[in-house]
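Where a number appears in this text, it was derived from the coordinates with a stated rule and is not lab data. Every value quoted in this text rests on a predicted model; they were computed, and no experiment measured them. Every residue, glycine as well, gets a Cβ built from its backbone with ideal geometry; the counts of neighbours run over all protein chains shown.
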Amino acid sequence: MPSSARPRQPALTKARLVDQLRERIGLPRQDATVLVEGLLDALKESLEAGETVKVSGFGNFVVRTKTARRGRNPHSGEAITLPGRRVLTFKASRLLREVLQKPETK
């Protein structure tokens, strides 16, 4: 492994998020699960409707529409048209960027 490569960090899964809510707020597991699922469903529904999701102090989730474009098949070299699509982008808030720029502590 190159010296610049970072060791892989564990992901924040829904299960870990539920456990953290239980520990920090003292919610029963079932209530914490309903809360997390409800929050994620609300975010997903807003994004599906094309709305921007703004979370103060965290960032913005924006659905952008990409137009169709010309591409090339890498195997045959044939020119093809890639269809338009919707993509999700995230822009971190200034506060989150500042936190992420702090030196790592071990």
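Numbers at a glance
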{"quantity": "Candidates Pro74, Pro83, Pro28: whichever shows maximal mean-square fluctuation once the chain is modelled as a Gaussian network with Cα springs under 10 Å", "calculated": "Pro74"}
{"quantity": "10 Å-binned pair-distance histogram of segment 61-106 (Cα, whole percent)", "calculated": "21, 25, 21, 19, 14, 0"}
{"quantity": "The chain: relative contact order in percent, alpha carbon pairs under 8 Å with at least 6 residues between", "calculated": "17"}
{"quantity": "Debye intensity ratio in log₁₀ form over the Cα atoms of segment 12-51, taken at each q of 0.24, 0.26, 0.29, 0.34 Å⁻¹", "calculated": "-0.72, -0.78, -0.87, -1.04"}
{"quantity": "Structure-based [θ]222 nm, the chain - -39500 (n - 2.57) summed over DSSP H runs of at least 4, per residue, nearest 500", "calculated": "-12000 deg cm²/dmol"}
{"quantity": "Expected-Rg normalisation [2.2 N^0.38 Å, Cα atoms] applied to the chain", "calculated": "1.53"}
{"quantity": "Charge tally in the Cβ shell below 12 Å around Ala15, where Lys, Arg are +1 and Asp, Glu are -1, Ala15 excluded", "calculated": "+2"}
{"quantity": "Cα-based helix-to-principal-axis angle, 14-25 vs the chain, degrees rounded to 10", "calculated": "30"}
{"quantity": "Cross-link reach list, lysines versus Lys44, counting only Cα pairs under 27 Å and skipping chain neighbours closer than eight places", "calculated": "Lys14, Lys54, Lys66, Lys91"}
